[in-house]
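Notes to accompany the following structure.
The values are calculated or read from the model by the stated rules, or taken from the named source; none is laboratory data. Note that the coordinates shown come from a computational prediction; the quantities given were computed from them, not determined experimentally. Note that we place each Cβ from the backbone using ideal geometry, even for glycine, and neighbour counts take in every protein chain shown.
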Amino acid sequence: MAIISGNQEKTKEKIKAEISSDTLKQIQQYCEWASINDLGFFIEEASHFVFSKDKEWKKQLRINKKGEKTAY
């Protein structure tokens, strides 16, 4: 049995968001430049980038994780 399977799909959720037309235009230009055909992929990747860089968010996650361990 393979350790890694290429057929696993993550559950996807539909969202509706309103953003400024200038921001959308820049996102579309970036996606075209980077050959990204899926706006959802761009949003996911941009979100992961923010999560990985925001020190206060990482700190909050650690606090939450500690709270979960002590709750049991």
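Would you confirm whether or not the stretch 1-19 contains a residue that is part of a helix (DSSP H, G or I) and modelled with pLDDT of 95 or more? No, that holds for no residue. Mind checking which pairs have a first residue in the stretch 20-33 that is free of Cβ contacts under 8 Å to residues at least 12 places away in the same chain and a second that is of a type in the set (Phe, Trp, Tyr) and assigned to a helix (DSSP H, G or I), Cβ under 7 Å, 6 or more apart or different chains? Final answer for the pair search is Cys31/Phe42.
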